[in-house]
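If you scroll down you'll find the structure; I have some questions about it.
The values are calculated or read from the model by the stated rules, or taken from the named source; none is laboratory data. Quick caveat, the model's predicted, so the values are computed rather than measured. In this analysis, Cβ positions are derived from the backbone assuming ideal geometry, glycine residues included, and neighbour counts consider all displayed protein chains.
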Amino acid sequence: MNHDEFAFFNQQLAAMLRDGIPLEGALRQLCAGMSTGPLRAELQQLEADLARGTPLKDALARRDLPDFYRRMVEIGVRGNDLPGVLILLADHYHRANALSTRLKGLMVYPLLVIIVSLGLTLMLSIVFSRFLPEMFSGTEFGHRGLDPFFMVASMWLPPVLLAITAALVIGAISIPSWRAKLRWRLPAFREASLAQLASALALMLKNGTTLAEALALAEALESATPAAKTLAEWRRLVECGRGKPSQWIAGERPIPPLFLWLVQQSGENLAAGFQKASEIYQARASYRIELALYGALPISLLLLGQMIFWQIFPMLRNMVWLMNMLGSFGG
């Protein structure tokens with residue numbers, strides 16, 4: 001789902017509801033102006049269900065929308081402040097889109113380097129592995145230190161390693177379970193995940209959700225990640241009567257002690273504490289993304305140059321040796 005488009009949709013929907021337009025009519029008008037895509041299809045189905053008299057909760061349950069979004073809309077309806085909740089949701093998804101866009105930009109340089117390196121090393125391997133063994137086979141130089149097998153193996157090793165790396169990167173991007181776990185372990189991605197988690201908890205608490213319910217929903221949303229264990233422990237402590245964050249245990253992974261300390265400093269206003277944690281970790285994520293972007297390109301170019309040098313060095317060494325031998329024979 002395009003979070004930026006989703007955020008804009010919620011802003012427009014909130015404005016139309018505040019102007020007195022019924023929910024079904026507002027959805028119909030907004031869908032008419034949206035580009036064709038999965039989000040528009042889901043919203044059109046939602047509008048059709050509501051027009052048939054389906055309760056909003058049941059209509060939302062049938063749609064492929066984020067669980068957090070469905071829960072927050074239900075809270076807004078229950079509190080008779082759906083436009084206000086939609087505005088908060090729009091801000092939440094706008095921040096999520098900003099972080100997601102910068103994280104995707106962070107992955108561009110390494111991915112491009114892997115693709116270019118794989119293509120270049122594969123081309124060199126195919127070209128050199130064909131004529132070099134034939135060039136040196138049958139000569140007396142092969143008995144004096146020239147190893148065609150070593151040359152061919154050294155040329156094919158870089159593309160094989162790059163192909164394995166590319167497969168792992170593609171798996172990390174495309175396999176949901178890998179992606180969910182890695183985003184809580186990699187720098188910048190971890191801070192972005194902490195910022196989004198804190199923002200979601202703050203949003204729920206601001207709209208009247210109890211702490212136990214908010215933690216339970218956050219645990220469900222992060223069920224495939226290492227954060228679920230910590231959230232489950234906090235929820236258990238709340239249900240046992242230890243509802244103050246000062247009574248919770250700070251862990252090292254994946255939620256650091258600083259996160260809990262920021263929440264504890266808010267005292268009784270937990271929503272403000274989680275909001276503060278969200279702002280700080282969003283700033284830290286942005287800083288780490290900028291730092292990585294400035295370092296990713298030169299480091300990637302150095303790795304590419306090292307890979308190419310490693311591939312052609314045996315050939316150059318043997319070519320120099322061959323020229324020296326020819327010079328000695330001529331003398």
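Condition test on Glu290, is it charged (D, E, K, R), at pLDDT 80 or above, within 30 Å of His94 (Cβ to Cβ) and not in a helix (DSSP H, G or I)?
No: the conditions fail for Glu290.
Can you spot a residue in the stretch 200-214 that is hydrophobic (A, V, I, L, M, F, W, C), in a helix (DSSP H, G or I) and free of Cβ contacts under 8 Å to residues at least 24 places away in the same chain?
The answer is yes; a qualifying residue exists.
Name the residues in the stretch 84-109 that are buried (at least 16 other Cβ atoms within 10 Å of the Cβ) and either without any contact (Cβ under 8 Å) to a residue 24 or more places away in the chain or over 19 Å from Gln196 (Cα atoms) (or both), would you?
Gly84, Ala98, Tyr109
Can you tell me how many residues in the stretch 215-256 are of a type outside the set (A, V, I, L, M) and outside any helix (DSSP H, G or I)?
Result for the stretch 215-256: 15.
Kindly indicate which of Ala51, Ala26, Ala15, Ala32 is closer than 21 Å to Asn207 by Cα and of a type in the set (Gly, Ala, Ser).
Being closer than 21 Å to Asn207 by Cα and of a type in the set (Gly, Ala, Ser) holds for just one of Ala51, Ala26, Ala15, Ala32, which is Ala15.
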